[in-house]
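The values are calculated or read from the model by the stated rules, or taken from the named source; none is laboratory data. Computed from a prediction, not measured in an experiment: that's the story for all the values here. For neighbour counting, all protein chains shown are included, and Cβ atoms are generated from backbone atoms with ideal geometry for every residue, glycine included. Side chains are part of the model used for accessible areas, which takes the heavy atoms of the whole protein and leaves out ligands, DNA and RNA. Shrake-Rupley method; radii C 1.70, N 1.55, O 1.52, S 1.80 Å.
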Amino acid sequence: MRAYRFALDPTPRQVRDLERHAGAARFAYNWALATVKANLSQRAAEATYDIAADELTPALMWNLPALRRAWNQAKDEVAPWWTECSKEAFNTGLDGVARALRNFRDSRAGKRAGRTVGFPRFKSRRRTTPSVRFTTGAIRVEGDRTHVTLPRLGRIKTHESTRKLARRIEQGSARILTATVRREAGRWFCSFTCEVQRTERARTRPEVVVGVDLGITHLAVLSSAIPGVSDADGFVPNPRHLGRAQRALARVSRRVSRRVGPDRRTGQRPSKRWEKANRQRNRVHHRVADLRRDGLHKLTTGLATTIGTVVVEDLNVAGMLKNRKLARHLCDPSFGEIRRQLRYKMCWSGGRLVVADRWFPSSKTCSACGAVKPKLSLSTRVFRCEHCGLVIDRDLNAAINLQRQVAQSGWETINGRGADQKTKPGLAGGCEASTPHRLAGQDGDRSPVTASCDEWRLTHAHSQRIGGRH
Ligand SMILES: [Zn+2]
């Protein structure tokens with residue numbers, strides 16, 4: 001499954017059509033949620049009058065077919081304008097409610113990882129991202145590669161060429177399943193979810209192992225330099241897009257704060273001037289986000305297409321974000337996103353990603369003699385070894401240590417004993433508790449071939465054993 005996303009260039013009339021469809025989706029969502037709530041409270045009220053359980057108002061099932069049946073019965077009355085929109089628009093909203101209710105129920109039952117999910121809430125017209133998903137009907141990428149066709153909306157021009165997807169469809173190696181249109185930063189986008197046949201590529205340079213230390217001073221430090229990705233010493237600079245945009249952001253934020261904005265307590269509606277200023281502020285934020293995404297993709301693609309094995313650290317980002325002074329700088333290079341991209345891109349290129357244990361002392365270990373320092377403050381940027389006198393950049397030292405862990409143990413070793421090992425209870429207590437969903441690659445009885453797509457973890461016990469050899 002792969003998504004292809006294109007910016008659209010709709011005519012004013014098409015914009016109105018898109019907005020109408022997104023509005024219809026929101027309307028159906030709110031209607032379905034209200035119906036579910038009314039059904040619940042009706043049954044609860046009846047139960048207080050001692051009505052037998054089988055004589056209560058029948059429960060409305062929390063699934064899409066049931067909601068769709070209820071909608072089709074009610075639509076003539078609640079939305080006599082329904083013929084103006086594709087049925088897919090209403091389906092988007094009903095599906096949203098069904099999913100939200102399922103997530104709520106699974107979360108209550110403890111069947112869902114992650115944060116607890118509350119009961120769904122109504123969608124506001126002002127705050128909701130307009131979006132609608134088409135699953136059936138005429139969904140096409142046109143042969144001229146500058147238009148897409150969607151049900152009821154017709155041909156819409158795209159900003160960029162749809163070449164990459166169109167070529168695959170012509171070859172027969174991709175099939176469009178759904179198309180979702182949504183407005184982001186004042187621009188409409190269409191993303192196609194496709195089923196793609198991908199030819200398994202051979203690993204580019206399977207013998208090369210590179211340790212990657214993600215940092216703040218530099219976006220990443222590689223244990224050995226890779227032309228086109230890092231500079232000659234292995235450093236990938238951190239562009240600090242947000243930091244650079246701070247001044248522009250401060251200026252537009254000041255403008256926003258001086259105009260009459262919305263106030264929930266007094267019910268004050270924002271003025272037109274505030275809305276205009278707010279759009280300017282959003283544009284700065286979106287530009288930062290675009291620049292950041294571009295830089296990250298270039299880094300991860302560069303790594304994934306040249307190297308066989310990438311070793312990264314398992315950073316406790318959620319914990320580090322609690323440090324408010326660090327939070328903004330940490331969010332800027334988005335560590336979690338780098339790892340997510342590396343995971344699937346390494347898989348595409350046939351390489352593998354190894355995640356070192358959170359407690360592996362990559363920064364505190366000397367990369368020359370293996371001596372481990374008891375303490376190393378975050379502000380110390382240069383690593384100085386008391387044993388062998390090595391003086392090296394802190395992050396480069398960490399990257400070399402990461403690389404060495406895997407290079408010395410070898411691939412078979414990791415698979416044979418590292419991958420299925422549980423971290424020692426005494427050491428890992430906090431780690432296990434703070435990472436509720438462990439990632440793939442934990443079960444050990446896989447061959448190296450099938451495992452190449454997974455993310456592997458060096459456990460602490462394993463790294464200790466290797467460390468002892470120094
Ligand atoms: Zn040393």
*Distance check, please: which entries in Lys87/Lys157; Lys157/Lys345; Lys37/Lys75 exceed 20 angstrom between their Cα atoms?*
Lys87/Lys157; Lys157/Lys345
*Take the solvent-accessible surface of the protein heavy atoms, probe 1.4 Å, and return the percent of it on region 1-125 that carbon and sulfur atoms account for.*
51 percent
*Per-pair calculated FRET efficiency, R0 = 22 Å: Arg187 and Arg121 via Cβ, rounded to 0.05*: 0.25
*Using the charge dipole of region 163-259 (Lys, Arg: +1 at Cβ; Asp, Glu: -1 at Cβ; taken about the Cα centre), state which of Leu242, Gly172, Val196 has its Cα farthest towards the positive end.*
Leu242
*Specify which residue in the list Thr135, Leu101, Gly114 is farthest towards the positive end of the charge dipole of region 77-167, using unit charges on the beta carbon of Lys, Arg (+1) and Asp, Glu (-1), about the Cα centre.*
Gly114
*Kindly provide the Kirkwood hydrodynamic radius of region 14-99 in Å, to one decimal, from all pairs of distinct alpha carbon atoms.*
13.9 Å
*Kindly state, to the nearest 0.05, the FRET efficiency for Ala34 paired with Leu390, given R0 = 56 Å and r defined as their beta-carbon distance.*
0.25
_Long-range amide H partners of Leu8 with built H, under 5 Å_ = His159, Trp188, Phe189, Cys190
*What dipole magnitude, in Debye to the nearest 20, does region 110-184 give about its Cα centre under +1 on Lys/Arg Cβ and -1 on Asp/Glu Cβ?*
540 debye
*Given a cut-off of under 8 Å on Cα pairs at least six residues apart, what relative contact order in percent is computed for region 110-217?*
20 percent
